[in-house]
Amino acid sequence: YPGLIPFQGCRSNLPVSGAYGGSFTATYTVLGDGTTSVTSSTASVCTVSGNVVSYVGVGTCTLTAHVTAGTNYLAADGTPQSVTIGKATPVITFGAAPTPTYLGGNFTVSASTTNTDSGALTYSYVSGPCAFVSGAMFSSTGAGACVVQANGAATTNFNAASQTQSVTIAKATPVITFGAA
């Protein structure tokens, strides 16, 4: 061989697929004495810094390995290879659960998401002694476990996701008053 063409056969660690936000470090074997590099021809889907390939979009990531001419070998370009990059699944994380009391009125939950396309979450009622009011606000309708849900819509680079939180609504303390004597 005048040089083994990078990224062909089993001589590289090129994955079959990946997810938005992920990355891998490209490794490959070259029979030659030149300097190696990797480039992306789909910068909207993947970028390369050194040998680290980062997934910056959804679609087909096309990579090509190169070796420069050396003392004994000519320069060579590998055959372009493709990696399918899919949407990432975001993580939704609730903050600390509020501690409402029955007859205590409204309570608000809070959550965050790793979806960097759109951090907006919507909230909904799942079960228990509470009712959805608006935004992230709920009202207690009794004592017990109220389950609420944070929902993230699908976006360009992320799948839809949801997460639930259980909020314990404590029993109210009764007020006892004596009538006039």
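Details
- Within the set Thr93, Thr99, the sole residue that is of a type in the set (Ser, Thr, Tyr), in a strand (DSSP E or B), open to solvent by 60 Å² or more (accessible area, probe 1.4 Å) and under 23 Å from Ser166 (Cα atoms) turns out to be Thr93.
- Answer from Thr122, Thr39, Thr35 - the residue that is under 18 Å from Gly152 (Cβ atoms) and open to solvent by 30 Å² or more (accessible area, probe 1.4 Å): Thr122
- Close pairs (7 angstrom Cβ cut-off, 6 or more residues apart or separate chains): under 21 Å from Val67 (Cβ atoms) in the stretch 38-54, open to solvent by less than 40 Å² (accessible area, probe 1.4 Å) and in a loop (DSSP other than H, G, I, E, B) anywhere: Val38/Ala26; Asn51/Ala26; Val53/Ala26
- The residues in the stretch 25-75 that are touching a strand residue (DSSP E or B) at 6+ places or on another chain (Cβ under 7 Å) and under 17 Å from Leu14 (Cβ atoms) can be counted, and the count is 30.
- Complete set of residues in the stretch 24-37 that are within 15 Å of Thr64 (Cβ to Cβ) and not in a loop (DSSP other than H, G, I, E, B): Tyr28, Thr36, Ser37
- Extreme residue, least open to solvent (accessible area, probe 1.4 Å), among residues of the stretch 102-113 that are under 22 Å from the mean Cα position of the chain (by Cα) and closer than 27 Å to Thr173 by Cβ: Val109
- Hits in the stretch 76-85 (condition: open to solvent by 70 Å² or more (accessible area, probe 1.4 Å) and either in contact with a Gly (Cβ under 6 Å, 6 or more places away or on another chain) or farther than 30 Å from Phe158 by Cβ (or both)): Asp77
The values are calculated or read from the model by the stated rules, or taken from the named source; none is laboratory data. Since we're looking at a predicted model, the values are computed, not measured. As a convention, Cβ positions derive from the backbone with ideal geometry for all residues, glycine included, and neighbour counts pool all protein chains shown. Remember, those area values only see protein heavy atoms, side chains included, never the ligands or the DNA or RNA. Shrake-Rupley method; radii C 1.70, N 1.55, O 1.52, S 1.80 Å.
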